[in-house]
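Asker: First the structure, which I've put down as structure tokens, then a few questions once you've had a look.
Readers should treat all values here as calculations from the given coordinates under stated rules, not as data from a laboratory. Bear in mind that the values here come from a model prediction, so they are computed numbers and not experimental data. Cβ placement follows ideal geometry from the backbone for every residue including glycine, while neighbour counts extend to all protein chains displayed.
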Amino acid sequence: MKKAAQQALQCLDLTSLNDGDTPADIDALCARAQTPFGPVAAVCVWPRFVAQARALLPANIRVAAVANFPAGDLDLARTLADVQEIATAGGDEVDVVLPYRALIKGQTVECAEFLAEVRHATRPLTLKVIIESGELLTNDLIAQGARLALMAGADFVKTSTGKTKVSATPKAAGVILKEIKLSGLGSAGFKASGGIRSVADAQVYLQLVETHLGAAAIVPQRLRFGASALLGDIEAVLAGAAVAATSGAY
């Protein structure tokens, strides 16, 4: 379990995306990101907090921020404005929501064009595409969302915003990871987000990534966990505490 905790820590996007977030909350988040057991991979915040987070964090902790979030509308102008704000403030990574409702309606071409524009605007930043897998009610739709993201040049396919009833699930993760493997893109990664609160939860996804992409993919360049509550359990496990965690992933 300690090995899984260490792996989860180095792949963690420590996240705060509450509507009422304040600068003080971001101060606390950035302080938490530098743990006694090592740093997290990134912090993920609203675009308005990017400059603050970048100023507080060392260069080895990346700053991610969200675009088109959490609505996931087919609103390119708003999304590009978010991207510009993130880039100008010194962000390293953009987590953008795929217009998943448009995808459900069959607007595949529009979604592909949207992602192509976002990919162009975000370069050279890391781009994670949130497909909102819990709202895509079939494996075919989940696979289609993942393929659209990968074809557009996404660096990561991400499960969820964490703002819907169903977030990351092992079933959806398996579908996404299969598409990443089939794409042949050896640099493409996977991000599980929403509902991952314990090392036991994270271990399920670590095993899935190893099964589909190999053990070499369990690095922050290929795997991320988007979570706010996970860090507490990681620290407890690494500190040697006896934790009887029940997986919430199921």
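Asker: Give me the aspartates and glutamates in straight-line cross-link reach of Lys105: C-alpha distance below 14 Å, same-chain residues under 8 apart excluded.
Answerer: Leaving aside aspartates and glutamates fewer than 8 places away in the same chain, those within reach of Lys105 are Asp73, Glu135, Asp140.
Asker: Arrange the following residues from fewest to most other Cβ atoms within 10 Å of their Cβ: Asp73, Asp95, Asp140. Don't skip to the end; give the middle numbers.
Answerer: On the way: Asp73 14, Asp95 28, Asp140 10.
Fewest-to-most Cβ neighbours within 10 Å comes out as Asp140, Asp73, Asp95.
Asker: Now for a separate question. Can you tell which of Ser133, Val237, Ala41 lies farthest toward the positive end of the dipole of the chain, using +1 and -1 charges on the Cβ of basic and acidic side chains (Lys, Arg; Asp, Glu)?
Answerer: Val237
Asker: Using the basic label-point model (7 angstrom from Cα toward the beta carbon), what is the Asp25 to Thr108 distance in nanometres?
Answerer: That separation, rounded to one decimal, is 3.9 nm.
Asker: So how far apart, in nm, are the two label points at Arg101 and Val219 if each is 7 Å from Cα heading toward Cβ?
Answerer: Each label point is offset 7 Å from its Cα along the Cβ direction, giving 4.0 nm.
Asker: Moving on. Considering the values [x] 53, 41, 37; [y] 72, 53, 31; [z] 51, 38, 32, which represents Cα extents along the principal axes in Å as calculated for the structure under consideration?
Answerer: [z]
Asker: Right, another one. I need the phi-derived Karplus couplings for the range 151-167: 6.51 cos²θ - 1.76 cosθ + 1.60, θ = phi - 60°, integer Hz, Gly and Pro marked x.
Answerer: Per-residue couplings from phi come out as 5, 7, x, 4, 7, 9, 9, 10, 5, 8, 7, x, 10, 10, 4, 10, 10 Hz.
Asker: Obtain the nm distance between the two label points defined at Asn60 and Lys165 by a simple spin-label model: each point lies 7 Å from its Cα along the Cα-to-C-beta direction.
Answerer: Each label point lies 7 Å from its Cα, and together they span 4.4 nm.
Asker: Right, here's the next one. Neighbouring Cβ atoms within 10 Å as the yardstick, rank Ser193, Ser187 fewest first.
Answerer: On the way: Ser193 23, Ser187 7.
Exposure proxy ranking, most exposed first: Ser187, Ser193.
Asker: About its Cα centre, what dipole magnitude does the chain give when the only charges are +1 on Lys and Arg Cβ and -1 on Asp and Glu Cβ, stated in debye to the nearest 20? Walk me through the numbers before you get to the answer.
Answerer: Working: 23 positive and 24 negative charges, 119 e Å.
My answer is approximately 580 debye.
Asker: About its Cα centre, how strong a charge dipole does the range 104-217 have in debye, to the nearest 20, once Lys and Arg get +1 and Asp and Glu get -1 at the Cβ?
Answerer: Charge dipole, the range 104-217, about its Cα centre: 180 debye, nearest 20.
Asker: Take the alpha-carbon centre of the range 140-164, take the same for the range 193-222, and report the distance between them in whole Å.
Answerer: Answer, in whole Å: 16.
Asker: Which order results if Val204, Val219 are arranged by neighbouring Cβ count within 10 Å, fewest first?
Answerer: Val219, Val204
Asker: Hey, what do the phi angles of the range 46-53 turn into as Karplus ³J(HN,Hα) couplings, whole Hz, using 6.51/-1.76/1.60 and θ = phi - 60°, x for Gly and Pro?
Answerer: So the J values, rounded to whole Hz, are 5, x, 5, 9, 4, 4, 4, 5.
Asker: Ok, one more. When the Karplus curve 6.51 cos²θ - 1.76 cosθ + 1.60 is applied with θ = phi - 60°, which whole-Hz ³J(HN,Hα) does each residue of the range 16-32 get, with x for Gly and Pro?
Answerer: Per residue, the Karplus-derived 3J(HN,Hα) values read 9, 9, 7, 4, x, 4, 10, x, 5, 5, 6, 3, 5, 4, 5, 5, 5 Hz.
Asker: Further, regarding this structure: For the chain, give the share of DSSP beta bridges that are antiparallel, in percent and rounded to the nearest 5; count only bridges with both residues there.
Answerer: About 5 percent, rounded to the nearest 5.
Asker: Would you please name the trypsin sites (Lys or Arg not before Pro) within the range 116-185 that are DSSP coil residues with at most 10 other C-beta atoms within 10 Å of their C-beta?
Answerer: Passing sites in the range 116-185 are Lys165.
Asker: List the lysines whose alpha-carbon lies under 24 Å from that of Lys191, not counting same-chain residues fewer than 8 positions away?
Answerer: Straight-line reach from Lys191, under 24 Å: Lys2, Lys3, Lys128, Lys158, Lys163, Lys165, Lys171, Lys178, Lys181.
Asker: Amide H to amide H, which residues 5 or more places from Ile130 or on other chains are under 5 Å from it, using H placed in the peptide plane?
Answerer: Val96, Val97, Leu98, Lys158
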